[in-house]
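These notes concern the structure reproduced below.
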């Protein structure tokens, strides 16, 4: 991996981590377009630069992280389902990280869902923000499990889970951001511990650069996303996912090289 490749992947991560378009899916596609060779370091890099992106949440919402212990208990409840399934099915999930067709289908189907979300939960926007209860946190946690499939989007899954619990778009998005912190921190830490031997003095600088770039870009992306989501809803993201997913499937059908090899 070159420095330029690391920066490009990190930019993609920073832009897409908190958008309902799947950051992992877009990083996989970027790696395929760049013709990068899949190896243990690339897989570790893809997961670990998400740590830089989640730090942006802590910086932007730092006051919210000094709430009561109850706040952290609810985050823990929401975090546990995906953590358990991710631990048990880690090898299967890693295998899917090399599959562009899985990403393409997930993007397409997820886009169709996003076209309907605003209509399904229209009444939520007329309601004041409600308290997040443990049962709401658990439901959102189960929705987050869907994001273990590359291309589904952790952000989309958890925001829809929040809206299913009665939250408006803004409140659901913010809880999704908060939940990203323990989720991505655990995923990054676990991947780093599991594959620490692939992090060498030669490639450590790439990991640090990737995290720094993802952090800076994500700072800008979060505020932009909240504004777009509040004003336009999910349809613009739905159309984007459908277009990208369809283009990828057409390219694969025409045998245009795109898979990571």
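Just so it is clear, none of the values below were taken in a lab; they were calculated from the coordinates. None of the values given here were measured: they were computed from a predicted structure. Cβ placement follows ideal geometry from the backbone for every residue including glycine, while neighbour counts extend to all protein chains displayed.
Is there a residue in the stretch 166-186 that is at positive phi, buried (at least 19 other Cβ atoms within 10 Å of the Cβ) and touching a helix residue (DSSP H, G or I) at 6+ places or on another chain (Cβ under 7 Å)? Looking for residues that are at positive phi, buried (at least 19 other Cβ atoms within 10 Å of the Cβ) and touching a helix residue (DSSP H, G or I) at 6+ places or on another chain (Cβ under 7 Å), one finds none in the stretch 166-186, hence no.
Of the candidates 104, 83, 53, the single residue that is closer than 19 Å to residue 23 by Cα, surrounded by fewer than 22 Cβ atoms within 10 Å (Cβ to Cβ) and in contact with a helix residue (DSSP H, G or I) (Cβ under 7 Å, 6 or more places away or on another chain) is 83. Just a yes or no: is a residue in the stretch 244-258 touching a helix residue (DSSP H, G or I) at 6+ places or on another chain (Cβ under 9 Å), buried (at least 20 other Cβ atoms within 10 Å of the Cβ) and under 30 Å from residue 125 (Cα atoms)? There is at least one residue in the stretch 244-258 that is touching a helix residue (DSSP H, G or I) at 6+ places or on another chain (Cβ under 9 Å), buried (at least 20 other Cβ atoms within 10 Å of the Cβ) and under 30 Å from residue 125 (Cα atoms).
Within the stretch 134-168, being under 14 Å from the mean Cα position of the chain (by Cα) and not in a helix (DSSP H, G or I) holds for 149, 150, 151, 152, 153.
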